[in-house]
Every structure is written in structure tokens, then in C-alpha cells.
Amino acid sequence: MRREGSRLRLHCFALACLAGFGLASWLSAAEVIATIDRPEATVEDQLLLTVVIEGSRGAEPVLPEIPQFEVYPRGQSTQMRFINGRMSSSVTYNYLLVPKATGVIQIGPVTAEVDGEILASQPFQVSILEASAQPQQQRDLFITSRVSTTNPFVGQEVIYIWRFYRRVRIGDARLEPQEFQGFLVEDLGEVREYQTAVNGVEYLVSEIRKALFPQEVGSLVIPASRLTCEVLVRNSRRSRSLMDDFFGSSSTATKVLRSARIEIEVRPLPPPPDGFSGLVGSFTIDASMSKQQLKVGESATLRLTVSGNGNVQLIGEPELADLPAFKVYGDQPERSVNRNGRSLSGFRSFSKALVPLEPGNWTIPPVSVHYFDPETATFKAAATAEIPLFVAPAEGSEDLHLTEFIAPTTGKVAVRILADDILPIYGELDAVSRRSNPSRSTLLFLLALVLPIGLYLSARSVQRHRWRLEHDVAFQRHRVAFRRARKQLQQLAGSDSDPGQLGQSTSLCLREYIGDKLGLEGAALTPAELDDMLKGHGVSEALSGETLDLLERLEAAQFGAASLEDGNLIQQASALLKRLEGELKK
Amino acid sequence: MSRWRISSLVGWVVLALHSHGLQASQVVTAEEVHTELSESRPPLEEIVAELPSVELHGELHPALAAEIFLKANAAYEEGAYAKAAAGYQRLVREGFDDGRIQFNLGNALLRNGELGRAIASYLRSRAASPRDEDVRANLDFARQSTKDAIAPPEPSEVLSTLFFWHFRLSHRELAIGLLAVNLIFWAVLGLGLVWPNRELIRWTSLLLLVLLFTLATSLLVHRFLDRPVAVVVPQELSAHTAPEEGSVVRFNLHAGTEVRVQDQRPGWMRVSLPDGQQGWIAEEWIELVYR
């Protein structure tokens with residue numbers, strides 16, 4: 001037995017070698033091979049077309065025309081091999097084929113140009129079957145679409161309901177947008193999600209509702225909707241490793257679901273009566289007055305509300321009969337469309353301010369709206385009741401109430417401006433005030449602007465002066481020098497001291513004066529030094545010379561060389577002091 | 001501290017010199033009422049003849065001005081709007097151009113069918129009383145009757161909020177505010193002489209200086225930078241490519257339309273529309289309004 005087993009292994013090895021050599025010789029030739037992953041599929045499945053171009057790395061395949069499929073490229077890969085010392089290469093292109101129709105479909109040769117030679121693959125056939133032969137209820141996921149009627153009148157509301165049933169986990173669902181050619185489309189709310197049981201099987205359902213209003217007579221088609229999603233598929237093969245068991249061995253498959261196309265035959269409306277509003281459905285009209293007893297000049301609001309189910313977007317303003325006894329002011333209509341119900345409903349409200357011009361008993365005549373009822377296939381009219389109004393004569397001279405509350409009994413509502421007019425004139429006499437003279441105003445303005453600046457500068461100057469008086473000794477000496485010297489000279493003139501003493505005091509007085517004025521210690525300076533100082537401070541030559549002369553004569557008198565009476569030196573000193581003060585002030 | 005005090009002083013002297021004529025008339029008023037717009041109205045001479053005309057030293061006595069005002073008000077109440085407008089215009093011409101008289105004049109002109117002049121009067125009234133809601137309401141009402149779909153040259157909401165003092169205070173209020181702040185500023189500086197080196201005084205004076213600068217800038221902008229607004233008076237007015245009667249007509253404006261004046265030549269004004277289009281219009285057919 002052992003010998004037979006080893007012989008079998010030897011044969012297998014030999015066969016594998018032969019197969020390998022054969023494959024190698026096959027691969028080495030330039031060739032285009034097109035394969036499909038399965039020969040049979042349904043319209044809900046996707047097929048993988050693989051094109052291998054042997055013997056070239058740069059060649060690109062040219063796919064045949066296959067209108068029965070949508071083709072999506074899914075990448076490429078390149079392989080290189082060394083066989084018997086020869087290198088060969090191939091490139092593989094993958095395509096996803098999404099069936100669009102059923103039947104046996106011939107997929108023609110795939111061609112590619114390799115080294116100037118056009119190569120072609122073998123054609124093959126694929127059978128595309130109807131969506132799963134299983135009844136819908138037994139399938140994991142399916143979509144349905146239906147309409148409320150397939151034979152509506154033009155303008156009649158057709159409810160389109162699209163449902164997606166599923167009982168497996170899906171991901172990346174994409175619903176292709178549908179085109180409703182020939183319809184006016186209104187979405188009825190958001191996508192609804194709910195659970196339901198179909199023949200005992202529980203499904204999660206996503207539902208989309210739309211209200212379609214056919215705009216053309218004749219055959220219209222709602223095309224099939226297409227939904228693509230990824231479905232989790234658990235692999236049926238046995239797990240081969242612990243890792244597979246742990247992470248699970250599942251993959252996703254792309255599913256394309258289609259709903260059936262729906263054909264609709266739209267009927268025309270019968271010949272409409274006069275005043276037909278274009279509304280198709282079921283409508284009512286309601287009228288209300290904010291008050292039924294008013295005075296001339298007052299305003300009341302007439303509110304006309306047309307509501308119903310159907311093509312509510314087309315609700316127009318109902319015609320109000322002429323009211324010669326009233327002034328009528330229109331207002332912006334209010335509109336509301338309810339898209340959350342099973343069908344489209346809504347209302348449009350028209351408000352009018354009526355201002356009576358004459359007193360009396362008046363009536364607002366019925367206001368009607370004509371519409372087509374598709375249930376009975378007849379034209380119908382909805383009308384309001386007559387509204388009596390009692391108008392009393394106006395009181396006083398008031399002409400018009402500008403505002404009033406609309407429907408005050410229904411709670412707080414916005415105050416609506418019904419009419420407008422300019423506000424009245426001013427009557428007070430204080431408006432009669434003359435404009436002031438422009439030039440005088442300008443002058444006053446400038447004065448008022450500059451005055452605080454002047455006051456501030458003055459205060460600042462006074463403060464500075466005071467500070468110098470208190471803190472600046474030189475300034476203080478300079479300031480009081482003249483007064484002090486003059487006072488001293490007057491005292492010396494009245495004194496009976498000896499001439500020497502008088503001469504010394506007068507000289508000292510003059511020198512101290514000059515010292516105070518020049519910020520020096522005058523008593524310590526000689527007449528010659530003082531002369532130089534005076535000249536240095538701008539005192540004239542003549543006055544400086546006279547000062548020097550007088551000081552020398554006073555010194556002479558001090559030592560008895562001259563008498564004070566000679567030329568009255570003290571008086572000369574007083575005169576000189578005045579002249580010095582005059583010049584030093586400059 | 002002392003350095004900026006001195007520089008601010010110099011600044012105020014310069015400002016004072018530049019503000020010459022600050023209180024000068026801000027309003028260019030119509031010299032006479034154009035009655036050609038309404039054939040059915042009585043001639044202007046007849047209307048004016050009925051009004052008091054006694055003058056004192058060349059100026060209308062305030063008592064007589066009050067009488068004219070009351071008569072014009074009575075004429076307005078009776079529906080004699082042309083007569084009322086003539087009375088208010090006389091008061092304005094005599095220097096009694098309070099914002100309220102301009103408001104009454106606007107009402108009378110509007111009732112009399114003179115939309116352009118009415119809007120001009122409301123604009124003048126608003127310049128004198130920028131926060132008066134009645135003026136704003138009537139101006140808005142009058143603007144609804146204009147034919148041209150052109151937005152009036154008004155500042156944006158953001159601008160008027162950011163620089164509220166500039167747009168919400170009249171020229172007169174700004175001037176009075178400037179004087180008051182100026183007085184307080186120098187008074188605070190004076191206190192600084194008495195109590196030197198006080199932080200409170202230093203910061204207060206700095207704050208006041210900023211306020212002064214702000215108000216002064218507003219006044220100077222009012223005076224020198226604000227361009228006047230031209231209000232179209234006739235039912236239709238052609239804007240030309242050049243300031244000549246025979247030049248090409250670029251566009252037509254209609255009664256009550258407000259446009260910004262960009263340039264002035266003798267007898268002509270270059271105006272611009274909000275989209276930048278410009279044209280020359282004859283001065284005699286517009287009412288010029290300064291803010």
C-alpha cells in the first residue's frame with residue numbers, strides 16, 4: 001500500500017509538471033482572453049468580466065458594444081513571469097456588468113492591439129433571467145412602486161408610493177433620481193421607516209411618497225426606479241482557520257434592485273364651465289369678516305380662505321363682486337401647503353380691508369370657486385354665504401383707522417397695516433423760531449471754543465508765576481530789586497550819617513540792585529566788573545559808563561575824596577536807578 | 001502730559017479757524033413755488049397776497065411769523081395745500097426754517113402733488129431733527145410714490161450703527177456737544193493744575209480728548225465731505241452726458257428721485273446713481289439738500 005501511495009504522488013507531480021509546461025507555453029503567446037464569472041444571472045445581480053491580455057503590458061482592451069449592460073471599470077493588474085528563462089507579461093482588466101434587460105446576451109469579441117497586431121477574444125453568451133424566480137415575499141430585499149390610479153384626469157393628484165423592503169443588513173444604498181416627465185411633482189414628507197410583516201415575514205420598510213400632477217393628456221410613463229446597495233453575504237465554505245471563526249468569513253455583494261415601470265393614461269377634463277379655476281380635487285371656500293357692525297371710514301377685514309386636497313398650488317384669488325359702497329384694499333395672501341399627510345392639502349387665504357364710504361345695511365355677496373372633482377368626474381362649485389354688514393355714519397372728522405387687529409378672538413395675531421397716510425402737521429407755535437444770524441453764530445461758536453483755552457492758559461500762567469515767586473530766589477530778587485533799592489536810596493537821602501558812610505551805603509545799594517537784576521552777588525563786585533556785566537546784558541555804553549562813573553565817585557566820597565553834596569550823588573543814583581531799570585527790563 | 005496738552009491746544013486753534021461758518025445755512029431753499037405742476041391751483045401771487053406782509057426793519061416780526069404759521073396751518077386743515085405751502089415757504093425764506101416748519105411744508109407740498117419738493121423738505125426736516133420718527137415716517141411714505149426703482153443715497157445699516165453720533169445727531173447738536181466737551185476738557189485740565197499727577201484727571205482728560213476729536217471729525221465731515229443730495233422736481237428729468245442742453249440723454253429720472261451730487265458747474269450738476277451711472281442734470285429742476 002505504501003508503495004502504491006508513493007507511485008500515485010509521483011504521477012501527480014509528473015502531471016503537474018506537464019500542466020505547468022503546457023500553461024507556460026500557452027502564456028508565452030500574445031492573446032486576449034475574456035471571461036465572465038458566471039454564465040447565468042438575474043437582473044438584480046452583477047457580473048464580473050475579466051479581460052487578460054497576454055504578452056503585453058501596455059495594451060488596452062476595446063470592449064464590444066453591449067447595450068444590455070451598464071459597464072463600470074473595476075481596475076487592472078499586471079503580472080510578469082519567467083518561464084524557461086523567458087520573460088512574459090500580461091495585464092488583466094476587470095469590468096462590472098450590470099444587466100439592464102433579460103434574455104440571452106451575446107458578448108462579442110474583446111479586441112486589443114499588441115505589437116501592431118489586432119487580437120480578439122472568443123465571444124460568449126450570458127443568460128440574464130428575470131429577477132429572482134422566488135416570490136417577493138421570500139426574498140431578502142425587494143422594492144415596489146405603485147400609484148393611486150393609472151387613469152387620472154389631467155391635473156388630478158396621483159399618489160406615487162415607493163417602498164424598499166429588506167430583512168438583511170445592507171449598506172451604501174443609492175437610489176437613482178427618477179424623472180417624472182410630464183408631471184408636476186410634490187414630495188409628501190420625508191422618507192418613512194417602519195417595520196411590517198409580509199406573509200409572516202418581518203421586513204424593514206423605507207417608504208417614499210410623492211404627489212404627481214399630470215400636466216399632459218395621453219400616455220405617460222413613470223420609469224423604473226433603480227436602487228443599488230451592498231448586501232452582507234456570509235460565505236458558505238467552511239472556516240479554515242481560527243481567525244476566520246473569530247472575524248467571521250463574510251463579504252459584501254452589490255445588488256441592483258429595480259421597480260417596475262408604470263404606465264399612466266391621462267384623461268382630459270370635460271369642457272369646463274365659466275369661471276373654472278383650474279383646481280382639480282376637493283375644495284371648499286370660507287369667508288369671514290372681522291366685524292359686521294362698523295362706521296363710515298372704519299375698516300374691517302374680509303378674509304377669504306380656499307382650502308382642500310389636490311393641486312393646491314394653483315389656488316388663485318377668488319373674484320369678489322363689485323362693492324361700490326366700499327373702498328377695498330388688497331393684501332398679500334397667506335399660503336400653507338401640508339405635505340405630511342397621505343395626500344397634498346393646503347389653503348390660501350386672501351385678506352381685504354373694506355372701508356365703507358356710505359352708511360346703510362350692506363351685504364358681501366357670495367364668493368364662489370369652481371373646481372373639478374375627479375371622484376365624480378364633474379365640475380363643482382363651492383361658495384360662501386352672504387355676509388350682512390351694518391354701516392353707521394361716521395363720528396367726528398376722523399377719516400380712517402390705520403390699523404386693526406385681525407381676528408382678535410383667535411388669540412394674539414400680528415397687527416396688519418391696512419392703509420397708510422402721512423402723519424399730521426405740527427401746530428405748536430414754538431416751531432416758529434428764527435434761525436440765528438450765520439456769521440454771528442460762527443463768531444459765537446469760535447469764541448466759545450477758544451474761551452476755555454484762554455482761561456486755562458491764564459490759570460496756568462498765574463500758577464507758574466506764583467511758583468516762581470515761592471521757589472525761584474533769583475526771580476524774586478530780580479522782581480523786588482528796584483523797589484528795594486529805591487526805598488533804600490530814599491532812606492539814605494533823609495539820613496544824616498557822615499558822607500563816608502552815606503557814600504558806602506549808596507554804592508552798596510546800587511551794586512546790590514545790579515546784582516539782583518543780573519542774578520549775581522552785587523556787593524562783592526567791583527565797579528569795573530559791574531560795568532562789564534551791564535554791557536554783557538545789553539545796557540547801553542553811555543548808561544554803563546555813567547554807572548561806572550557814579551560808583552567811582554561814591555567810592556571817592558566814601559574815602560573823603562569828594563563830598564556827597566557835589567552834584568547830589570544820591571539823587572543822581574536815584575535817576576540812574578530808574579534808567580537802569582528801564583534798560584534792564586528790556 | 002504737557003506735550004499733548006500743547007499739541008491739543010494747537011489742534012483746537014486750527015479747528016476753530018477751519019470751522020468758520022459752521023452755523024451757516026445748511027439748507028438751500030426754493031426761491032419760489034413752481035405752480036406749473038398743477039394747472040388748477042390759484043396763482044402764487046394771489047396766495048401770497050393773502051398772507052401778512054408787515055415787516056420790521058427788513059425782518060419779519062416773530063409775531064407776524066406766528067400769524068403766518070397759524071394761517072398756513074389753518075389752510076392746510078381746510079385742504080388749501082398750495083396756500084399752506086406758500087405760507088411755510090415764506091417762513092423758511094425769512095429764516096424761520098425750523099425742522100418742524102420744513103415738515104409741515106413737506107406735508108403741504110405732498111398733498112399738493114409736488115412730490116420732489118415734498119421729499120426735499122422732509123430731508124431738510126430730517127437734517128434738523130434726525131431722530132424724529134414722524135419725519136422718517138412721512139419721508140418713507142413719500143418715497144413710496146416715486147417712480148424710479150433707485151434706493152435713496154442713505155448710509156448702510158452697519159455704518160449708521162457704528163457711527164451713530166454722526167447720523168443720529170444734527171449739525172447743531174454736534175456743534176453744541178463739541179462746545180460742551182471742549183469746556184469740560186479744559187476745565188479738567190485746569191483741575192490738573194490744582195491737583196497735579198492725579199491718575200483720574202489724566203485718564204478723564206484723555207477720554208475727553210478722544211470725544212472731542214470724534215465730534216470735531218464728525219463736524220468737519222458734515223461741513224466739508226458730505227455731498228449734497230439732489231431731489232428731482234419735475235415729473236421727468238433728463239440726465240445728459242455733458243452739461244449742455246443739446247447733449248445726449250443718458251437716462252431719465254422722475255419726480256422725487258434722490259441722487260448724490262458729484263460735481264457742480266454753473267447751472268448743471270453731475271449726479272450719480274447707486275450703480276455708478278452718472279449724468280448731468282439742470283440745476284433749475286432739482287432741489288439741493290445738504291445734510
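Bear in mind these aren't lab numbers, they're just calculated from the coordinates by the rules spelled out. Bear in mind that the values here come from a model prediction, so they are computed numbers and not experimental data. Cβ sites come from the backbone with ideal geometry, for glycine too, and all protein chains shown count toward neighbours.
Using a simple spin-label model with pseudo-atoms 7 Å out from Cα toward Cβ, A:SER288 and A:LEU96 lie 5.7 nm apart.
Shown for A:ARG163, A:ARG74: other C-beta atoms within 10 Å of each C-beta, ranked fewest to most, produce the order A:ARG74, A:ARG163.
Over the Cα atoms of region A:145-210, each weighted equally, I'd like the Debye log10 I(q)/I(0) at q = 0.28, 0.29 Å⁻¹, rounded to two decimals. Those come out to -1.35, -1.40, one per q. The slack in the chain from A:LYS535 to A:THR252, taken as 0.36 nm per residue of separation less the alpha-carbon distance, amounts to 90.1 nm. Peptides A:266-275, A:378-387, ordered by how many other C-beta atoms sit within 10 Å of their residues on average, highest first, read A:378-387, A:266-275. Counted residue by residue at 0.36 nm each, then reduced by the alpha carbon distance between them, the extension gain from A:ARG57 to A:GLN332 reaches 91.8 nm. Based on C-alpha pairs under 8 angstrom that are at least 6 apart in sequence, region A:248-311 has a relative contact order of 31 percent. The P(r) of region B:82-152 has a tail past 14 Å containing 53 percent of all C-alpha pairs. Simple spin-label estimate for A:ASP115 and A:ASP549 gives 14.0 nm between the two label positions (7 Å along the Cα-to-Cβ direction from each Cα). Partner shielding of A:451-461 amounts to 5, given as the average count of beta-carbon atoms from other chains within 10 Å of each residue beta-carbon. Expressed per residue, the C-alpha convex hull volume of region A:257-339 stands at 137 Å³. Got the relative contact order for region A:89-133 handy, in percent, Cα pairs under 8 Å and 6 or more residues apart? Averaging sequence separation for qualifying contacts and normalising by length gives 38 percent for region A:89-133.
In terms of overall dimensions, region A:27-129 has a Cα radius of gyration and Dmax of 14.6, 49 angstrom. Residue separation of A:LEU443 and A:THR526 scaled by 0.36 nm, minus their Cα-Cα distance, works out to 23.9 nm of gained length. Taking other C-beta atoms within 10 Å as the exposure proxy, B:HIS240, A:HIS471, B:HIS254 rank A:HIS471, B:HIS254, B:HIS240 from fewest upward. As a calculated quantity, the FRET efficiency between A:GLU40 and A:LEU314 at R0 = 51 Å, using C-beta atoms, amounts to about 0.45.
FRET efficiency for the B:GLU78 to B:LEU193 pair, using the beta carbon distance and R₀ = 51 Å, is estimated at 0.20.
Among A:315-327, B:100-112, the peptide with the highest mean count of other Cβ atoms within 10 Å heads the list, and the full ranking is B:100-112, A:315-327.
Shielding value for B:184-197 is 3, the average number of Cβ atoms from other chains within 10 Å of each residue's Cβ.
Taken over the Cα atoms of region B:229-289, the convex hull encloses 70 Å³ per residue.
Expressed as a whole number of Å, what is the distance separating the alpha-carbon centroids of region A:300-315 and region B:107-159? Cα centroid to Cα centroid, the span is 38 Å.
Site pair A:GLN215 and B:SER156 shows an inter-label distance of 4.0 nm when each label is modelled 7 Å from Cα along Cα→Cβ.
Scaling against 2.2 N^0.38 Å puts the C-alpha radius of gyration of region A:473-585 at 0.98.
Packing order of peptides A:146-159, A:185-198, highest average first: A:146-159, A:185-198 (average count of other Cβ atoms within 10 Å over each peptide's residues). Entry note, region A:473-585: relative contact order of 33 percent, from Cα contacts under 8 Å with a spacing of 6+ residues.
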